[in-house]
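The values are calculated or read from the model by the stated rules, or taken from the named source; none is laboratory data. This one's a predicted model, so the numbers in the text were calculated from it and none came from an experiment. Counting neighbours? That spans all protein chains shown, and the Cβs are built from the backbone with ideal geometry, glycine included. These area figures cover heavy atoms from the full protein model, side chains too; ligands, DNA and RNA do not enter into them. Shrake-Rupley method; radii C 1.70, N 1.55, O 1.52, S 1.80 Å.
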Amino acid sequence: MDDEQAIRDLFTGWVEAVQSQELEGVVADHDPKIVMFDVPPPYDGVRGIEEYRKSWPPFFEWLRQGAQFQLLELHVTAGADVAFAYALLRCGTQDHFDANPDNRLRITVGLRKLDGRWVVAHEHHSFPMTDTAS
């Protein structure tokens, strides 16, 4: 399997783990020193695998209340030992989709090879600002 496909599999597996609310699958394939900049606080990001792990239960609760997390688009660029990927996801409740059907969660990940396997070293999640005039 080439590196690009390995990263695609890693990312789609991560999405599936989020959808099924399987915490061990969500944190798998992440660097122990992961840095994540997410939509909700903390403003300076989540740092380290333990903080990353602790950030997921509130999101899982939101999913249990009917929110969706669906991969729409994924692009991967892989080098020899570093790579990045970016994706668009449909993330929200039906009320969110009814109010703004085109809004997408944007995710960018930076990866590195650690002991011969790809791990996510950085995640950045964002939504476009929708309360400003264009």
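First check a/c for the stretch 37-122, with a ≥ b ≥ c the square roots of the eigenvalues of its C-alpha gyration tensor; if it is under 1.5, answer rounded, and if not, answer prolate when a/b is larger than b/c or oblate otherwise. Verdict is oblate for the stretch 37-122.
A simple spin-label model places pseudo-atoms 7 Å from Cα toward Cβ; at ARG64 and ASP102 they are separated by 3.6 nm. The simple Förster model, with R0 at 22 Å and r as the Cβ-Cβ distance, assigns LYS33 and HIS75 a FRET efficiency of 0.35. The modelled label-to-label distance between THR93 and PHE127, using points 7 Å beyond Cα along the C-beta direction, is 1.1 nm. Under 10 Å, Cα contacts only: if you run a Gaussian network model on the chain, which one of LYS33, LYS113, LYS54 comes out with the highest mean-square fluctuation? Of LYS33, LYS113, LYS54, the most mobile in the Gaussian network model is LYS54. Assuming R0 = 25 Å, what is the FRET efficiency of PHE84 and ILE49, from their Cβ-Cβ distance, to the nearest 0.05? For PHE84 and ILE49, the calculated efficiency is 0.80.
Residue order by solvent-accessible surface for ASP95, ASP2 is ASP95, ASP2, largest first, with ligands and nucleic acids left out and a 1.4 Å probe. In the chain, the longest principal axis of the Cα atoms and the axis of helix 49-64 are about 40 degrees apart. What's the angle, to the nearest 10 degrees (0 to 90), between helix 3-19's Cα axis and the longest principal axis of the chain? Computed tilt is about 40 degrees.
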